[in-house]
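Report on the following structure.
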Amino acid sequence: MDELTTKRLAVIKQLYNHGIDQSYEVEPMNGFSILSFHDCVEMFLGLCAERKGMKVDGNTKFGDYFAKMPNLKCGSTMTNLNKKRVGLKHHGTIPSNLDIEISRANVTDFFNQNTPIFFDIEFDSISLVSLITYSGVRGYMEKANDALSKNDFMDSIQNSQIAFKELLIEHKEDNSLVYRSPFEVIENFTFLNSFFMRIESNEHRIKDFIDAVGRSLKELENTVNLIGFGIDYKKYCKFRLLSPLINTWTGKDGKREYQVYNNPHDGRICDKKNALFCFNFVVDSALKLQKFDLDVWGTVNK
């Protein structure tokens, strides 16, 4: 399979995942998942048609694909999906929660059955991870994807969380001057905490105040960076709530290392839905960050 087809399948998979996320939103907003499901199915049908040499033009209708490619599966369920899409988009008919659940299951079944037939791969193996240019991030996301395929959701969430930390670090490193990063919006407080200022323990109120100010300013800088990067902050809040405790340090060889402390009793729900959410959040964030590189450092032309 050529690289262009692989990328197009990855886009289809990402649109499918977007539809999955929408389908779990509150009613009636979850109804818009029908449009995403229909779009990714129609894109897939068009790709299948090209692969089989079927002529596709402006007059080709949704049902024509199934009539002209008899080896396509799930024709009747996709016809029902098309009716729901027409009802929502052209007549304002809001699908019920049951309609959403049925559509989610039917579209998943459609891709699981047809992807091996037309592309000789499993649908679950399609991912946008290959499009991530940051090598460290891509490595952890491959681990997260592998854990997802094995239904090890806690491990998948853990690797997605590490990948996001690595993403922010690598992106800042790639766009930083030798002495100062353009993403630093506050002064460096590393040596301005109570320890280095030698605040005595009997002055605990001053000590606590200084440390709280330092932590708050650092958190504010992180928030400003995320919003400036175009990352959905509300999704980030959910992503962060799903994170275990992760410590980061630089090893002897200069490489970053991560230590994860998973507490099975911390209340996090490590199921497939949340593992997919974390995985897709990191992929979306990586694609947003890497498409905009400051690209201003280099040798000065004299």
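Overview of values
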| quantity | calculated |
| --- | --- |
| Neighbourhood charge, 14 Å Cβ-Cβ cut-off, centred on residue 22 and excluding it, Lys, Arg +1 and Asp, Glu -1 | -3 |
| Rounded tilt (10° steps) of 97-119 against the dominant C-alpha axis of the chain | 80 degrees |
| Computed [θ] at 222 nm, deg cm²/dmol, the chain (DSSP H ≥ 4; -39,500 (n - 2.57); rounded to nearest 500) | -20000 deg cm²/dmol |
| Within a Gaussian network of the chain (alpha carbon springs, distance under 10 Å), most fluctuating of 19, 254, 230 | 254 |
| Compactness index (Cα Rg / 2.2 N^0.38 Å), the stretch 3-126 | 1.03 |
| For the chain, with +1 on Lys and Arg beta carbons and -1 on Asp and Glu, the positive-most of 199, 231, 112 along the dipole | 112 |
| Linear extension gain, residue 96 paired with residue 252, 0.36 nm per residue minus alpha-carbon span | 50.5 nm |
| Computed over the chain, Kirkwood Rh from alpha-carbon pairs, angstrom | 22.4 Å |
| Using alpha-carbon coordinates, inclination of helix 3-23 to the longest axis of the chain, degrees | 80 degrees |
| Cα gyration tensor shape of the stretch 214-279, rounded if a/c is under 1.5, else prolate or oblate by comparing a/b with b/c | oblate |
| Between helix 135-149 and the chain: long-axis angle, C-alpha atoms, 0 to 90°, nearest 10 | 50 degrees |
| Listed residue pairs exceeding 24 Å between alpha carbons, taken from 83/238; 207/238; 7/255; 165/272 | 83/238; 207/238; 7/255 |
| Ordering of 277-290, 144-157 by packing [mean C-beta count within 10 Å, highest first] | 277-290, 144-157 |
| Cα radius of gyration and Dmax for the stretch 84-129 (Å) | 14.2, 39 |
| Descending principal axes extents, the stretch 57-185, alpha-carbon based, whole Å | 62, 34, 34 |
| Simple spin-label estimate for residue 204 and residue 241 in nanometres, 7 Å along Cα-Cβ | 3.2 nm |
| Computed lengthening from residue 60 to residue 172, 0.36 nm per intervening residue step minus Cα-Cα distance | 35.6 nm |
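Every read-out reported here was derived from the displayed coordinates using simple, explicitly stated rules and does not represent laboratory data. These numbers come from a predicted model, not from an experiment. Using ideal geometry, Cβ is built from the backbone for each residue, glycine included, and neighbour counts are taken over all protein chains shown.
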